[in-house]
Amino acid sequence: MTINKLVLIRHGQSEWNELNKFTGWHDAKLSKKGKYEAKSAAILLKKEKFFFDCAYTSVLKRAIHTLQYILDELNQNWLSVKKSWRLNERHYGALEGLNKDEVIQKYGEKKVLLWRRSFETSPPHIDIKDKRFPGNDIRYSHLNINDIPIGESLEITAKRVIPYWNKIIYPQLKNNKKILVVAHGNSLRALIQHLNKIDNKEILKLNIPTATPIIIEFDQKNNPIKWYYLR
């Protein structure tokens, strides 16, 4: 029996991960460790003889560069890659760029945990006049201003990720294509929750490590049957 496998990977450590900052839609580069992690993920995939037909990523360089390192190691640089803002990290609103420990000191651990881990609760919204507002970025200039987030919960993040999965990625899976998705902790968390029917409380316990391949196996009817980390 042929089993379809989908590979999901969170980007390698970014410079802002290293500095313990809320990153969200800020376009942080990979750290030195992040580059090493990306190559290590590729070596794991290579060892297991993974080969892909198509790849998907966000429009943020930490995910794009992670994918590039992986394809380079796999000698698949020629692969067709689609990039979409819908696979971006969750937008952390007014918290973006702030040190997580300092935010905890200011607002309290309980409040910050709610912002970070609650399914429905969004962090404080960013003002559209703030220079950090994504509407000032040319890569989002094609979007309706009302579609550009000013702060997202996991629930809101899922509302842009899942339609992209259903419309763009899933049809390729149904055509038996071997798919690689390199994205972010929360965009992948939303997708894993959807595919594995994980409830809203349980999904918040899932902390996705950087640059560790997640394999989701599907049966012949393209229903997910199990998922695990490749280590």
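Throughout, read-outs are computed from the coordinates displayed, never taken from laboratory work. Since this is a predicted model, take the numbers as computed values, not measurements. Glycine gets a Cβ as well: all are built from the backbone with ideal geometry, and neighbour counts include every protein chain shown.
Six or more apart or on different chains, Cβ under 7 Å: which pairs go from a residue in the range 112-127 that's of a type in the set (Phe, Trp, Tyr) to one that's part of a loop (DSSP other than H, G, I, E, B)? Could you list them?
115/121; 115/123; 119/153; 119/200
For the range 35-63, which positions are part of a helix (DSSP H, G or I) and touching a Lys or Arg at 6+ places or on another chain (Cβ under 7 Å)? Working first, answer last.
Step one: list which residues in the range 35-63 are part of a helix (DSSP H, G or I), which gives 35-47, 61-63.
Within the range 35-63, 61, 62 meet the criteria.
So that you can scan it fast, the table gives a plain yes or no per residue for (1) touching a residue at least 40 places away in the same chain (Cβ under 8 Å); (2) under 16 Å from residue 209 (Cβ atoms); (3) touching a helix residue (DSSP H, G or I) at 6+ places or on another chain (Cβ under 9 Å):
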position	(1), (2), (3)
5	yes, no, no
30	no, yes, yes
44	yes, yes, no
71	no, no, yes
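For the structure I just gave you, tell me whether residue 191 is under 22 Å from residue 37 (Cβ atoms) and either among the polar types (S, T, N, Q) or surrounded by 18 or more Cβ atoms within 10 Å (Cβ to Cβ) (or both). Full working, then the answer.
Numbers: under 22 Å from residue 37 (Cβ atoms): yes; either among the polar types (S, T, N, Q) or surrounded by 18 or more Cβ atoms within 10 Å (Cβ to Cβ) (or both): yes.
Spelling it out, residue 191 is indeed under 22 Å from residue 37 (Cβ atoms) and either among the polar types (S, T, N, Q) or surrounded by 18 or more Cβ atoms within 10 Å (Cβ to Cβ) (or both).
Do you know which of the residues in the range 80-91 that are part of a loop (DSSP other than H, G, I, E, B) and touching a residue at least 60 places away in the same chain (Cβ under 8 Å) is nearest to residue 166 (Cα to Cα)? Spell out the reasoning first.
Filtering the range 80-91 for residues part of a loop (DSSP other than H, G, I, E, B) gives 80, 84, 88-91.
Those left that are additionally touching a residue at least 60 places away in the same chain (Cβ under 8 Å): 84, 88-91.
On the way: 84: 14, 88: 16, 89: 18, 90: 19, 91: 22 Å.
Only one residue tops the list, namely 84.
In this structure, is residue 67 more than 17 Å from the chain's Cα centre (by Cα), touching a residue at least 60 places away in the same chain (Cβ under 8 Å) and outside any loop (DSSP other than H, G, I, E, B)?
In short, no.
Any idea which residue in the range 92-111 is nearest to residue 146 (Cα to Cα), counting only those that are within 21 Å of the chain's Cα centre (by Cα) and assigned to a helix (DSSP H, G or I)?
As a first pass, look at the range 92-111 and keep what is within 21 Å of the chain's Cα centre (by Cα): 92-100.
Remaining after also requiring assigned to a helix (DSSP H, G or I): 93-95, 100.
Working: 93: 15, 94: 17, 95: 20, 100: 28 Å.
Going through the qualifying residues, I end up with 93.
Tell me, which helices (runs of 4 or more DSSP H) lie completely within the range 125-231 with 1 or more residues that are under 13 Å from residue 88 (Cα atoms)? It would help to see each step written out before you state the result.
Details: elements: 154-164, 170-174, 185-196.
Of the helices (runs of 4 or more DSSP H) lying wholly inside the range 125-231, those with at least 1 residues that are under 13 Å from residue 88 (Cα atoms) span 154-164, 185-196.
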